[in-house]
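Asker: Quick one: structure below, then a few questions.
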Amino acid sequence: MSAAYSLARDASLRAWNTFRLEAQAAVFATVHDAAALPALLADPALAGLPTMVLGRGSNVLFAARRYEGAILHLACAGARIEQEDSTHAWVHVDAGVEWDALVDWTLDRGLQGLENLALIPGQAGAAPIQNIGAYGAEIADSVVAVHCFDRATGSFTRLDNEDCGFGYRDSVFKRETDRRIVTALQLRLSRGGATNLRYAGLPEELAAMGGVPPTPRNVAAAVRRIRGRKLPDPALVGNAGSFFKNPVVASALAAELQARFAALPVFPTRDPATRKLSAAWLIERAGWRGFRDGDAGVSAQHALVLVNHGAATGQQLLDLARRVAASVATSFGVQLEPEPRVVGAQFVT
Ligand SMILES: Cc1cc2nc3c(=O)[nH]c(=O)nc-3n(C[C@H](O)[C@H](O)[C@H](O)COP(=O)(O)OP(=O)(O)OC[C@H]3O[C@@H](n4cnc5c(N)ncnc54)[C@H](O)[C@@H]3O)c2cc1C
């Protein structure tokens, strides 16, 4: 074993997933230096085992009680300004940096672009996987390049933004699961300029904060206030944020549903032939908000969030997710897809 990484066997993952599920990994590898990834992957302790990267486990559902493989956790956590001019800065961020701490780090340096993404749990390295997004912004808006170790070629590589295949909660990293280990991001952030207040609710929140000006710091504070009210805190009740993606459907189906349900929120997409529907609205309308079966439940605070009230198993949460999705399919003819990665089972309704 090298000091660049450390290995533990039969490791508990309870502290490593925000659903706070009891699960075990055959091997848990903590990577202190990304340069050691080739050596780690060749370590006899990992021979024959599947591997997956785990950040903070805030977008993962461990459906089985044991992952018969090796978890790789990147603990390299530095950030620096690589280059700057009068209007922009190019920031290099290691995968192990905590996302929300990075948001503050950029604000402290007068940089803007990440403020709408404040308070999203997890590590920076996970941000491009599902192209994290909130309050009218996505990480794709700020990514210049993603540095990774490509297991298919056995080499370190760099993907420019246009090669990352970013989409709504999607990317090439997510589609080609476990192929690339993200080691660092290069972001381009601006100095000055207007903040993004397109998302309904943000101007109102700034007004409720005493009519403060929409500086990046105030926008981040407003986002944190709204999120604190809307979403259950994983420190208090296990959850992985939104459990389902907002479904993208044919415009004709969206129009048909809107004719039946005038209150259904429908959003445009880049493709005029499709529309995005509010999954939360569909789930709530199907009667699931606040539902509880044992310790597996649907949050009473937000219908899109599945919660572990204490001792739910991953299988129980998965069963509940399947029931919710099946009921939405029956009521509205719309298929819901999970947003978190389900480990140890397939999500089929
Ligand atoms: C309360 C709450 C609110 C949330 N709100 C939002 C939100 O507003 N918007 C949003 O988009 N998401 C949201 N999420 C989901 C989650 O925070 C993000 O997806 C986050 O980026 C996951 O980071 P993580 O480190 O926990 O990744 P993990 O959950 O550990 O991993 C997620 C996926 O990324 C892969 N992965 C992680 N790190 C790497 C790496 N370095 N290289 C390659 N693959 C990697 C994993 O294998 C897995 O497939 C929320 C979650 C919670 C609990």
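The values are calculated or read from the model by the stated rules, or taken from the named source; none is laboratory data. These figures come from a predicted structure and were not determined experimentally. Ideal geometry is used to build each Cβ from the backbone, glycine not excepted, and the neighbour counts take in all protein chains shown. All accessible areas refer to the heavy atoms of the entire protein, side chains included, with ligands and DNA or RNA removed. Shrake-Rupley method; radii C 1.70, N 1.55, O 1.52, S 1.80 Å.
Asker: State the Cα centre-to-centre distance between the range 125-172 and the range 190-231 in whole Å.
Answerer: Computed from Cα coordinates, the inter-centre distance equals 26 Å.
Asker: Also, quick follow-up: For every helix of n ≥ 4 consecutive DSSP H residues, a contribution of -39,500 (n - 2.57) applies; sum these over the chain, divide by its total residues, and give [θ] at 222 nm rounded to the nearest 500 deg cm²/dmol.
Answerer: Working: 8 runs with 77 residues, N = 349.
Here the helix-only value at 222 nm equals -6500 deg cm²/dmol.
Asker: Figure the gain on full extension for Met52 and Leu236 (residue separation times 0.36 nm, minus the Cα-Cα span) and round it to one decimal in nm.
Answerer: Working: separation 184, 0.36 × 184 = 66.24 nm, distance 2.68 nm.
My answer for the length gained is 63.6 nm.
Asker: Which of rounded, prolate or oblate describes the range 226-329 when judged by the alpha-carbon gyration tensor and an a/c cut-off of 1.5?
Answerer: Details: a/c = 2.35, a/b = 1.90, b/c = 1.24.
It comes out prolate by the Cα gyration axes.
Asker: If I compute solvent accessible area with a 1.4 Å probe over the protein chains, what percent of it on the range 128-226 is carbon and sulfur? Can you show the working numbers first?
Answerer: Working: 2180 of 4310 Å².
Solvent-exposed carbon and sulfur of the range 128-226 make up 51 percent of the total.
Asker: I'd like to compare 297-303, 163-169, 122-128, 227-233: which one has the highest average count of other Cβ atoms within 10 Å, and what's the full order after that?
Answerer: Details: 297-303: 20.7, 163-169: 17.3, 122-128: 26.1, 227-233: 13.7.
Per-residue mean Cβ counts within 10 Å order the peptides as 122-128, 297-303, 163-169, 227-233.
Asker: Can you compute the label reach from Arg191? Point 7 Å from Cα along the Cβ direction, backbone N cut-off under 11 Å, restricted to the range 64-101.
Answerer: 84-90
Asker: Hey, another quick one. Taking the simple approach of a point 7 Å from Cα along Cα-to-Cβ for both Glu68 and Arg323, what is their distance in nm?
Answerer: Rounded to a tenth, the inter-label distance reads 2.9 nm.
Asker: Given axes a ≥ b ≥ c from the Cα gyration tensor, I'd like to know whether the range 144-191 is rounded (a/c under 1.5), prolate (a/b larger than b/c) or oblate.
Answerer: Note, shape of the range 144-191 comes out oblate.
Asker: Further question: So what's the gap between the Cα centers of the range 71-100 and the range 250-284, to the nearest angstrom?
Answerer: 37
Asker: Starting from the Cα gyration tensor of the range 181-232, take the square roots of the eigenvalues, sort them a ≥ b ≥ c, and report rounded, prolate or oblate (rounded when a/c is under 1.5, otherwise prolate if a/b is larger than b/c, else oblate). Mind dumping the intermediate values first?
Answerer: Details: a/c = 2.82, a/b = 1.44, b/c = 1.96.
Oblate shape, in that a/c is at least 1.5 and b/c is the bigger or equal ratio.
Asker: Kyte-Doolittle mean at least 0.0 and Cα extent at least 15 Å along the axis: which DSSP H helices of the chain qualify? Intermediate results must be reported in sequence, preceding the final value.
Answerer: Details: long enough: 216-230 (21 Å, -0.91); 314-332 (27 Å, 0.40).
Helix filter hits for the chain: 314-332.
Asker: Ordering Met52, Met209 by how much accessible area each has at a 1.4 Å probe, largest first, what is the list?
Answerer: The most accessible residue leads, giving Met209, Met52.
Asker: In nm, to one decimal, how far is the modelled label at Asp178 from the one at Val348, with both set 7 Å along Cα→Cβ?
Answerer: 1.9
Asker: OK, next. For Val212 and His88, what is the calculated FRET efficiency with R₀ set at 25 Å and r taken between the beta-carbons, to the nearest 0.05?
Answerer: Values: r = 25 Å, r/R0 = 1.00.
For Val212 and His88, the calculated efficiency is 0.50.
Asker: How long are the semi-axes of the equivalent ellipsoid of the chain, taking √(5λ) for every eigenvalue λ of the Cα gyration tensor, in whole Å from largest down?
Answerer: On the way: eigenvalues 195, 156, 70 Å².
Working through the eigenvalues yields semi-axes of 31, 28, 19 Å.
Asker: Okay, next question. Of the DSSP beta bridges with both residues in the chain, give the percent that are antiparallel, rounding to the nearest 5. List each step's numbers first, then the result.
Answerer: On the way: 52 of 65 bridges.
The answer is about 80 percent antiparallel.
Asker: With every protein chain kept in place and ligands, DNA and RNA left out, what is the accessible area per residue of the chain? Probe 1.4 Å, answer in Å².
Answerer: On a per-residue basis, the chain sits at 43 Å².
Asker: If the chain between Glu256 and Arg80 were fully stretched, how many nm would it gain, using 0.36 nm times the residue separation less the Cα-Cα distance? Show your work: numbers first, answer last.
Answerer: Details: separation 176, 0.36 × 176 = 63.36 nm, distance 5.04 nm.
The Glu256-Arg80 span can extend by a further 58.3 nm.
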